[in-house]
Amino acid sequence: MDITELDELLSLQLSPHDLAQCVRVCKKWYDVFVPHLWEDLSCLHNSPTLQQQAFANLVLEDYLHEQQHQAARGHGQHYARSSRTPPPRQLENYSPWIRHLPSPISLLYIFLHTVRDPSQLRLLLKGLALRGLAPTAVDLMRYLYQQCPNLHIQHLALHRSDLVESDDFLRVIAEYVAPRTQSLHLGMPFCPSDIPSWRLKYLLSHCSSALEELTLEIKVSYSEKEREQEYEMAEPTPWVQLKRLKLLQCHDKSSFYSREFWPWLWRRCGQVEQLEVDDITKICKSLAIGMLTHMPHLTKIHIAGALECEDIQELLSRVRHGWKDVSMGRKVFLTQSTMDTLLDHHATLERLVLRGNFGLSDNEKVQFLACCPKLRDFADFDTGTPNEPMMSMTGLDAFSFIDQDPRTGALKPWKCEPSLKALRLVILGIPRPDLYRNEAIQEAYDDQGREIQKLVYDRLARLTHLETLWLGGKYSRRLPYECLEMSLESGLYELAGLKALKKLNVSRMKTQIGLQEVQWMTEHWPKLQVIAGLQEKGPGKEAIEWLLENHPEIHLE
């Protein structure tokens, strides 16, 4: 118990109940563990009602003693004779250790529903009520935040009702919570009602430089009677730590003047580097102008969907120094003109995720690999999740991926060959007579499938800096039967030069990987850390057993 760092590590392994038990052992243990017991009170949100009530009464008692003390000071000489020392306040002893509290809504609920009138406070509370000093739930919230100088708020989410229904609640959030918040989420999706722009400005203007991420899902409204009040607000200083801005389902009500909220917001976003947009048609042009005028550091954009092609082109074209990271959602429909706009940034593009978007041909997708000299990460499909698998898997045709010169038959050089480190795509269109499926592509001549695979391996072999080769869709509902065999007989040995390869993913692929193949991989890929998708039946079973016994450092997924 004499090394502070070890005490902190030990406390992290203990539950609040365990910490409460430790502080009862002895005074030394009390001094060590009581700060950790009070450090994180966010668990009160899910605590039993009795615990919530005990905490609420502690805050209430401290508040009432403070009010009594303040009232006594107003009695002049009587206060000097009878109240030379302030009454005891328990919260004052613990509040400097508090760094995490439940969300403001949870706190409000606790104070509204669990504060009781304990017998020892009944007379005091009655006397304060007669003088108009009895606290409301919002008063207790304000008092608690005032007493916690070291409070740290990593994420704050407020719905429309939180921003509109109570002026007092909004003031407490703006004055005591917003200045300490790192990540702020305002509004909720598909909210039918709007939020007055002056309320948004009032809250956002109190956010300090601690703000790193801002997410908006709002409908903004504006009335003429609010206009004068809005212009009286001082121009806020920029958020110097704000790096990520998310605009999701953002709309602007009919009033012309409500458009003034968005330029006001863009002026605070001078340090934004990453932008995510979804369904922002009404404010898209304003955002495009704001990006070019006020966001010089913007290099990353994720377009989730629900935007017209013209809006996408507008956003892609209004960046000051070129895009480095572009990601498209599955609902985005790309066109040739959109791709041309994106190709204008080929000199700066380092990461491109298309997530199997429709509208682009395979040859058009290959252009990004051929034209981008700094491209490090390319993905042509969404990997999906266990809860939301891909309904279908869009694949890249093998002939398009091979990209031969039609005159000479040689592979065309790609500018990304020296830079590409991660490649995630499904290569299809390869005849696989070994699978004997009627719906599979048939060979036009003997060994055509192996010949095509050899050319695919030749193309992959040129990407000598690859660290991740992801050829299978882990959560896809469709098995790609027209894929690479990944066997030595089919030409896998061509990839012996991928010395930097760390992760191989062949999930949901009908491969022929067996013992010989994994032995070859461990010999020629010395940095290999992960193999995903080995089949547990057939030759894959022996391969898995051998890896587990001889290379336990390689993780199998």
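The values are calculated or read from the model by the stated rules, or taken from the named source; none is laboratory data. Just so we're clear, the structure is a prediction, and the values are computed from it rather than from any experiment. For neighbour counting, all protein chains shown are included, and Cβ atoms are generated from backbone atoms with ideal geometry for every residue, glycine included.
Numerical summary
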item: Selection count, the stretch 118-141, where residues are modelled with pLDDT of 70 or more, touching an Asp or Glu at 6+ places or on another chain (Cβ under 8 Å) and surrounded by 15 or more Cβ atoms within 10 Å (Cβ to Cβ); result: 1
item: Hits in the stretch 403-435 - residues which are outside any strand (DSSP E or B), in contact with a helix residue (DSSP H, G or I) (Cβ under 8 Å, 6 or more places away or on another chain) and buried (at least 20 other Cβ atoms within 10 Å of the Cβ); result: Trp414, Cys416, Leu420, Leu425, Ile430, Pro431, Arg432
item: Residue identified as surrounded by fewer than 16 Cβ atoms within 10 Å (Cβ to Cβ) and either at pLDDT below 90 or among the small types (Gly, Ala, Ser) (or both) among Tyr94, Tyr79; result: Tyr79
item: Counted residues, the stretch 332-360 - those being small (Gly, Ala, Ser) and either crowded, with 17+ Cβ neighbours inside 10 Å or touching a strand residue (DSSP E or B) at 6+ places or on another chain (Cβ under 9 Å) (or both); result: 1
item: Ala288 touching a residue at least 12 places away in the same chain (Cβ under 8 Å), small (Gly, Ala, Ser) and surrounded by 18 or more Cβ atoms within 10 Å (Cβ to Cβ); result: yes
item: Candidate set: the stretch 18-47, residues that are farther than 19 Å from Pro96 by Cβ and in a loop (DSSP other than H, G, I, E, B); chosen: the one nearest to the chain's Cα centre (by Cα); result: Ser47
item: The stretch 154-181 - residue that is of a type in the set (Gly, Ala, Ser) and not in a helix (DSSP H, G or I) and, of those, modelled with the highest pLDDT; result: Ala157
item: Test: residue in the stretch 531-541 that is touching a Phe, Trp or Tyr at 6+ places or on another chain (Cβ under 9 Å) and within 29 Å of Arg376 (Cα to Cα); result: yes
item: Considering residues of the stretch 282-326 that are touching a helix residue (DSSP H, G or I) at 6+ places or on another chain (Cβ under 6 Å) and hydroxyl-bearing (Ser, Thr, Tyr) only, the residue modelled with the lowest pLDDT; result: Ser286
item: Those residues of the stretch 317-351 which are among the polar types (S, T, N, Q) and not in a loop (DSSP other than H, G, I, E, B), in sequence order; result: Ser317, Ser327, Gln336, Ser337, Thr338, Thr341
item: Meets criteria (under 23 Å from Lys243 (Cα atoms) and in a helix (DSSP H, G or I)) for Ser286; result: yes
item: Residue count, the stretch 157-181 (criterion: in contact (Cβ under 8 Å) with a residue 40 or more places away in the chain and crowded, with 20+ Cβ neighbours inside 10 Å); result: 7
